[in-house]
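Read through the structure below, which is laid out as structure tokens, and then see the notes.
The values are calculated or read from the model by the stated rules, or taken from the named source; none is laboratory data. As the structure is a prediction and not an experimental result, all values here were calculated from the model. With ideal geometry, Cβ positions are generated from the backbone for all residues, glycine too; neighbour counts draw on all protein chains shown. Surface areas here come from the heavy atoms of the whole protein model, side chains and all, with no ligands, DNA or RNA. Shrake-Rupley method; radii C 1.70, N 1.55, O 1.52, S 1.80 Å.
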Amino acid sequence: GVHGALGRIELGSVDLGVRHSDERIAWNVGAYFNRYDNYIFVAPTGTVDAEDGLPVFAYRQEGVNLHGFEGELDVPVRAVQTGDLMLRFMGDYLRGEVRSGGDLPSMPPYRFGAGVDYDLDALHLGLEVMRHAKQNRVANDELPTDGYTLVSLDASYRWPLAQGNVFAFLHGDNLLDEEARQHTSAQKDIVPLPGRGVRAGVRVEF
């Protein structure tokens with residue numbers, strides 16, 4: 001399969017993608033399968049170091065299969081006469097399996113969500129809701145993670161200057177103040193993602 005980001009062809013992989021775009025709708029769907037004979041990963045051993053009291057992880061090299069899919073749908077709302085309103089729907093799924101048996105560690109769960117974007121001249125407003133499922137397909141001695149929903153909001157405005165412009169923004173993350181533990185994080189069992197947060201700023205561009 002062609003790996004466009006790296007500019008090379010990789011044996012043992014199959015990537016399929018279909019996309020469509022016109023004035024009414026835009027969508028893309030992709031699926032992939034990768035087979036590795038000597039995949040290197042780090043996995044928990046289930047033991048704790050007696051001196052430091054820390055869990056012990058070990059690097060392994062196994063034959064694994066990775067497969068998944070992703071998709072996105074963008075729908076402009078033509079009923080809005082002032083400005084541009086766009087609805088977005090997205091989702092993805094990844095599964096990693098060790099061919100000798102078991103699941104790969106640190107695999108993200110499937111997720112799906114929706115968003116809305118509104119643009120009127122220099123004004124932009126955006127809202128996104130993303131649901132991350134629980135992950136219970138875990139490797140031996142790896143802890144599962146609960147599902148969570150992240151809601152984010154952003155607003156921005158750009159004022160033109162004689163030379164350049166002023167860009168002001170307001171952004172809110174995890175507005176539901178969910179306890180979110182990202183399964184791919186090495187610190188997920190200790191430190192969750194940040195709670196509710198809001199940040200604002202002004203940038204002068206010239």
Requested in this report: Extending each Cα 7 Å along its Cβ direction at F206 and V29, get the distance between those two points in nm, one decimal.
Outcome: 5.2 nm
Query raised in the report: Just the accessible area for Y93, please: 1.4 Å probe, Å², rounded to the nearest 10?
Result: 60 Å²
Query raised in the report: Along the charge dipole of the chain, Cβ charges K/R +1 and D/E -1, which of P144, P76, A180 sits furthest on the positive end?
Result: P76
Query - Virtual spin-label span in nm between E72 and L170, 7 Å along Cα→Cβ - result: 2.6 nm
Report summary line: Low-density loop GluC sites (Glu not before Pro), the stretch 166-206, at most 13 other Cβ within 10 Å, DSSP non-H/G/I/E/B, are E179
Report task. First check a/c for the stretch 99-172, with a ≥ b ≥ c the square roots of the eigenvalues of its C-alpha gyration tensor; if it is under 1.5, answer rounded, and if not, answer prolate when a/b is larger than b/c or oblate otherwise. Result -> prolate
Query raised in the report: Which one is right for this structure if P(r) over Cα pairs in 10 Å bins from 0, in percent is calculated from it: (1) 7, 22, 27, 25, 13, 4, 0; (2) 8, 30, 35, 20, 7, 1, 0; (3) 7, 24, 31, 26, 11, 2, 0?
Result: (1)
Report task. Go ahead and collect, in residue order, the members of the stretch 37-81 whose backbone nitrogen is under 19 Å from a label point 7 Å along the Cα-Cβ direction of M130. Result -> 68-75
Query raised in the report: What accessible area per residue, rounded to a whole number of Å², is obtained for the chain using a probe radius of 1.4 Å?
Result: 67 Å²
Query raised in the report: Longest segment of the chain with no trypsin sites (Lys or Arg not before Pro) in a DSSP loop having at most 11 other Cβ atoms within 10 Å?
Result: 79-206
Query - Charged-residue dipole, Cβ positions (Lys, Arg, Asp, Glu), the chain about Cα centre, Debye nearest 20 - result: 320 debye
**Report entry** Spin-label pair T184/E10, simplified geometry with 7 Å Cα→Cβ offset, distance in nm
**Finding:** 1.3 nm
Report summary line: Once F57 and S100 are pulled to full extension, the length gained, defined as 0.36 nm per residue separation minus their Cα-Cα distance, is 13.6 nm
Query raised in the report: Accessible area, 1.4 Å probe, largest first: how do L6, L94, L11 sort?
Result: L11, L6, L94
**Report entry** From phi via Karplus (6.51, -1.76, 1.60), per-residue ³J(HN,Hα) for the stretch 11-23 in Hz, x at Gly/Pro
**Finding:** 7, x, 10, 10, 10, 10, x, 9, 9, 8, 8, 8, 5
Report summary line: Comparing D37, D103, D154 in a Gaussian network model of the chain (Cα, 10 Å), the one with the largest mean-square fluctuation is D37
Report summary line: Loop-resident GluC sites (Glu not before Pro) in the stretch 1-60 with no more than 10 other Cβ atoms inside 10 Å, DSSP not H/G/I/E/B, are E23, E51
Requested in this report: Would you mind telling me the share, in percent, of accessible area of the chain contributed by carbon and sulfur at probe 1.4 angstrom?
Outcome: 56 percent
Query raised in the report: FRET efficiency for Q81 and D177, Cβ-Cβ distance as r, R0 = 45 Å, nearest 0.05?
Result: 0.80
Report summary line: Most fluctuating of G63, G71, G53 in the GNM of the chain (C-alpha, under 10 Å) is G53
